[in-house]
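In what follows, a single structure is set out as structure tokens and then discussed.
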Amino acid sequence: MTDTLRIAVIGAGYWGPNLVRNFRASPRWDLVAIHDLDVDRARRLAGDGVRVYGALDDLLADDAVDAVAIATPAATHHSIARAALAAGKHVLVEKPLADTSERGRSMVQDALDRSLVLMTDHTYCYTPAVLKIRELITDGHLGEILFIDSVRINLGLVQPDVDVFWDLAPHDLSIIDFILPGGLHPLTVSALGADPLSSGKACIGYLALPLPGGAVAHVHVNWLSPTKIRQMIVGGSRRTLVWDDLNPQQRVSVYDRGVDLDLQVLDGAERSAATVSYRLGDTWSPALPETEALAAMVSEFADAIRAKREPRTDGGAGLRVLSILEAASRSLVAGGAAVSPDAVRESVLVGEPPRG
């Protein structure tokens with residue numbers, strides 16, 4: 001590798017131009033190639049000095065490419081990523097990592113076997129707001145996490161190939177996985193969905209995720225809301241945080257407010273009662289830098305390659321999100337029954353359907 005890493009972007013459709021712009025602007029990267037089946041579209045995006053490939057094999061045979069960024073439909077991620085890893089390229093994959101956990105797991109294993117970096121493009125995890133939330137939780141500023149409530153609703157496009165869970169929830173799940181120490185490991189997944197349009201897929205969805213230690217996470221996604229809301233509330237034993245992604249003046253607010261329960265023994269008997277008290281303290285908003293999440297993400301990709309370490313949103317993070325989405329799909333079919341993500345992961349290994 002040269003001092004500047006050399007990147008090729010695979011896919012010049014919806015997300016590809018955003019990746020091209022950020023790799024082109026990064027001092028850590030040299031954008032050298034673009035691949036798309038629509039060669040004319042790739043040429044329009046490439047401009048001068050960037051090679052264009054219509055065949056993936058030709059791109060992967062280019063020794064001047066150190067890494068690839070995949071921005072193609074999820075069903076193609078597995079085959080493209082494995083081919084790139086086999087060619088010795090580091091790989092960045094747009095979310096979701098793959099369309100099944102089994103395929104995602106084989107991608108992760110290939111990267112490990114070849115000592116290559118496989119990174120999931122969970123873009124929201126590189127926003128200044130989410131990085132600050134992670135910092136506050138890690139530093140113990142909120143105390144013990146008691147609940148997380150996330151809402152992502154808008155009047156959006158009904159996707160032809162996936163339901164609202166697979167379309168919108170990966171954002172929320174990846175964020176929760178990123179901010180919780182140790183990642184997101186729900187005990188079970190319960191999904192309820194509705195299809196009032198008779199589209200053949202859930203257009204409104206609710207996910208309930210009980211967490212170890214008694215906390216709970218809840219995710220609400222909706223394609224049919226006339227208003228757009230992007231909000232997450234993280235409740236802690238010391239403070240509660242509210243992230244409003246649509247409020248540029250005050251994206252993150254921390255409330256020194258909450259409920260305290262003091263247990264008291266009554267009359268020396270072996271029973272206790274809870275005395276409720278409420279904290280009504282100050283509210284403050286941390287200053288956040290104005291930086292683009294994708295710029296931070298492409299820098300993290302380069303830093304992970306240079307340091308020969310796992311990136312912040314590695315293949316494991318992508319697999320955790322995938323296992324929850326698959327458990328949600330099975331719960332939805334079962335009428336909202338609780339499904340263990342561990343059972344889904346085990347079924348991938350043994351080839352049998354999980355027992356809810």
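Scanning segment 111-145 for residues that are buried (at least 19 other Cβ atoms within 10 Å of the Cβ) and of a type outside the set (A, V, I, L, M, F, W, C) turns up Thr120, Asp121, His122, Thr123, Tyr124, Tyr126, Thr127, Lys132. For segment 309-330, taking the residues that are part of a helix (DSSP H, G or I) and polar (S, T, N, Q), the one that is farthest from the chain's Cα centre (by Cα) is identified as Ser329. On the given criteria, is Asp314 acidic (Asp, Glu) and modelled with pLDDT of 90 or more? So Asp314 fits the description; yes. Within segment 117-124, does at least one residue satisfy the condition of being at pLDDT 95 or above, more than 23 Å from Thr291 (Cβ to Cβ) and outside any helix (DSSP H, G or I)? Yes, that holds for at least one residue.
This table checks each residue for (1) of a type in the set (A, V, I, L, M); (2) surrounded by 17 or more Cβ atoms within 10 Å (Cβ to Cβ); (3) assigned to a helix (DSSP H, G or I).
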| residue | (1), (2), (3) |
| --- | --- |
| Pro17 | no, yes, yes |
| Val32 | yes, yes, no |
| Asp58 | no, no, yes |
| Val91 | yes, yes, no |
| Pro96 | no, yes, no |
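Of all residues in segment 333-345, those that are modelled with pLDDT under 95 and outside any loop (DSSP other than H, G, I, E, B) have Cβ atoms under 7 Å from Cβ atoms of residues that are surrounded by 19 or more Cβ atoms within 10 Å (Cβ to Cβ) and acidic (Asp, Glu), 6 or more apart or on another chain, in Val344/Glu326.
Among the residues that make up segment 228-249, is at least one of them under 25 Å from Val162 (Cα atoms), out of contact with any Phe, Trp or Tyr (no Cβ under 9 Å at 6 or more places or on another chain), in the same structural domain as Ser285 (by TED's automatic domain parsing) and in a strand (DSSP E or B)? Yes, segment 228-249 has at least one match. Being of a type in the set (A, V, I, L, M), touching a helix residue (DSSP H, G or I) at 6+ places or on another chain (Cβ under 7 Å) and on the phi < 0 side of the Ramachandran plot is the requirement here; does Val108 meet it? So Val108 passes the test.
Within segment 146-197, restricting attention to residues that are part of a loop (DSSP other than H, G, I, E, B) and of a type in the set (Gly, Ala, Ser), which residue is surrounded by the most Cβ atoms within 10 Å (Cβ to Cβ)?
Filtering segment 146-197 for residues part of a loop (DSSP other than H, G, I, E, B) gives 156-163, 180-188, 195-197.
Among the residues that remain, those that are also of a type in the set (Gly, Ala, Ser) are: 156, 182-183.
Numbers: Gly156: 17, Gly182: 7, Gly183: 13.
The selected residue is Gly156.
Search segment 1-29 for residues that are more than 17 Å from Met297 (Cα to Cα) and pair each with any residue that is part of a loop (DSSP other than H, G, I, E, B) when their beta-carbon atoms are under 6 Å apart and the residues are at least 6 apart or on different chains. Close Cβ pairs satisfying both conditions: Met1/Asp66; Gly11/Ala71; Gly11/Thr72; Ala12/Asp36.
The values are calculated or read from the model by the stated rules, or taken from the named source; none is laboratory data. Just so it is clear, the structure is predicted and the values come from calculations on it, not from any experiment. Using ideal geometry, Cβ is built from the backbone for each residue, glycine included, and neighbour counts are taken over all protein chains shown.
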